[in-house]
1. Of all residues being basic (Lys, Arg) and at pLDDT 85 or above in the range 135-193, which is surrounded by the most Cβ atoms within 10 Å (Cβ to Cβ)? Just the residue, please.
2. So residue 147 fits all but one of (1) under 11 Å from residue 232 (Cα atoms); (2) touching a residue at least 60 places away in the same chain (Cβ under 8 Å); what number is the exception?
3. Would you mind stating whether residue 161 is of a type in the set (A, V, I, L, M, F, W, C) and in contact with a Ser or Thr (Cβ under 6 Å, 6 or more places away or on another chain)?
4. Exactly one condition in (1) over 30 Å from residue 71 (Cα atoms); (2) surrounded by 15 or more Cβ atoms within 10 Å (Cβ to Cβ); (3) at pLDDT below 90; (4) among the small types (Gly, Ala, Ser) is not met by residue 239; state its number.
5. Could you tell me which residue of the range 194-218 is farthest from the chain's Cα centre (by Cα), considering only residues that are under 24 Å from residue 38 (Cβ atoms), among the small types (Gly, Ala, Ser) and surrounded by 17 or more Cβ atoms within 10 Å (Cβ to Cβ)?
6. Restricting attention to the range 214-227, report how many residues are assigned to a helix (DSSP H, G or I), in contact with a Ser or Thr (Cβ under 8 Å, 6 or more places away or on another chain) and under 28 Å from residue 27 (Cβ atoms).
7. Does any residue of the range 225-235 turn out to be surrounded by 19 or more Cβ atoms within 10 Å (Cβ to Cβ), of a type outside the set (A, V, I, L, M, F, W, C) and within 30 Å of residue 137 (Cβ to Cβ)?
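The values are calculated or read from the model by the stated rules, or taken from the named source; none is laboratory data. Bear in mind the structure is a predicted one, so any value in this text is a computation, not a measurement. Ideal geometry is used to build each Cβ from the backbone, glycine not excepted, and the neighbour counts take in all protein chains shown.
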Amino acid sequence: MKPSTKPAPLAMQLIVVSIFIALLMPLVGSKFVTQQISKEQRLILQWYGPVRGTMINSNADAWFRAWAVNTRLMRQTIHKFDPKPTDSDSQAAATHASAVKPLVIRDSSGRFGALPSGSSDSDPTKPSFWYRWITAVFALGYFAMLRLATLAAWLPMLVPICISILVTGYARQQLKWHGFGGVNPREYRAGARLSTWFLGIAVGMLVVPGALPPVTVPICLILMSLGVALLVANGQKPS
């Protein structure tokens, strides 16, 4: 049987690329991600002012601690493959565990600190690949909480804008179905691509390991709504 020469669908290619990016993204290192978190927190304070900006950063910090720190999920995951100490080494291991803080992320109220390198000064061994990778994963999780908190601050204004865009698209659909003129297949395909691409970009922007303007995700969602409205406005009338 001859192998198929037809390329994989674009959606499947994007899924595969997204999986590889998700696996490779933490390799940038938790220290770099934490520096970018601090930079984006400063951008939030500049864009939204000290009161609202501090509220957004504090909400992100509280959400992160609620699911990662207070549940001990982060510490248990980071030390998942640590060797279990023997009875003779239990005291030394306990002392070492208390001295090492695997991940330190604080909010922007003057208490933000950099991540440690991965081991204490008294530990001559280098951190394992799992340690470096998983701490970066949790740092990216903090990034996601930061951008979700920014998005939540936009919701009172974002929801009416998106609803008005969608209602406008539906009204255009009814005018085209019951008036002169017809739907445009090119605009229909453009709307489908615009909506799917910007929805994917908005989701991807939640964990991009770099400081972004704190309006990136809301703007992507507004552009996605424009694509959906264009898609609805040019839908074929059912027979």
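1. Taking the range 135-193 and keeping what is basic (Lys, Arg), we get 147, 172, 176, 186, 189, 193.
After this cut, where a residue has to be at pLDDT 85 or above as well, the list is 147, 172, 186, 189, 193.
Values: 147: 24, 172: 16, 186: 9, 189: 13, 193: 14.
Out of the qualifying residues, it is 147.
2. (1)
3. Numbers: of a type in the set (A, V, I, L, M, F, W, C): yes; in contact with a Ser or Thr (Cβ under 6 Å, 6 or more places away or on another chain): no.
Answer is no for this residue.
4. Unmet condition: (2).
5. Residue satisfying both the conditions and the ranking: 211.
6. Number satisfying all stated conditions: 1.
7. No, there is no match, as no residue in the range 225-235 is surrounded by 19 or more Cβ atoms within 10 Å (Cβ to Cβ), of a type outside the set (A, V, I, L, M, F, W, C) and within 30 Å of residue 137 (Cβ to Cβ).
Residues are listed down the side, and each one gets a yes or a no for (1) outside any helix (DSSP H, G or I); (2) in contact (Cβ under 8 Å) with a residue 12 or more places away in the chain:
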| position | (1), (2) |
| --- | --- |
| 153 | no, yes |
| 161 | no, yes |
| 171 | no, no |
| 202 | no, yes |
| 212 | yes, yes |
| 235 | yes, yes |
| 238 | yes, no |
